[in-house]
Amino acid sequence: MYSHTRYIFIVYYITMKFTGTHVIGRGRARTLGFPTINLHDINTLTIEDGIYAARATIHNVQYKAVLFVGESLTFHDKEKSVELFLIGLKIGDVKKYRLDPLVTSKITVETVQYIRPVIKFANRKELIAHIEKDVKDVVVILSA
C-alpha cells in the first residue's frame, strides 16, 4: 500500500516590537562581510531564537533588516545576543546611520516574519553562504 505524508510548515507572521540600545560588539560579523548592530538594554524581549525579517527604526528613519536572536553556535558562544543587519549597510556607513561607537543610539525593531532557527555551520564559508541566502529571502519578504 502507498502512503502519502503531508508536511505542514508554520510561518510566523506574529510581529513583535521592541527597543534596544546600540553597543559595540566583537566585530565578528563585520569580518564575515555583514556588519551588525548589537542591541542591549532591550525592553522585554520574549522571542524565539532564530533569524527574522525585520524593520528597524533609527532616528525616525526605517530600514529593512535581518534580525539574529540567540547564541552563535558556529562560534561556540554561550551568551545570547541580539544583532541587526541593515540591508545595504556597508562597513563605512556607521557614521551615515549615526551609529558611531561613542553614541548609544536607541533602535526600535519590528519583526515581520520568522525565517529559520539558529544553526551551527561547519565553517565560515558555509555560514557566509547561508547569511547571503537569508538576506535575499528577507529582501523578498520585505519587498512584498
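At full extension, Ala129 and Glu71 could sit 19.0 nm farther apart than now, given 0.36 nm per residue minus the alpha carbon distance. Taking other residues whose beta carbon is less than 9 angstrom from the beta carbon of Arg116, and scoring Lys, Arg as +1 and Asp, Glu as -1, yields -2. Can you tally the net charge around Val140? Count Lys and Arg as +1, Asp and Glu as -1, for every other residue whose Cβ sits under 15 Å from the Cβ of Val140. With Lys, Arg at +1 and Asp, Glu at -1, the neighbours total +2.
No lab work stands behind these numbers, since they all come straight from the coordinates. Just so it is clear, the structure is predicted and the values come from calculations on it, not from any experiment. Because the Cβ atoms are built from the backbone with ideal geometry, glycine has one as well, and the counts that use them run over all protein chains shown.
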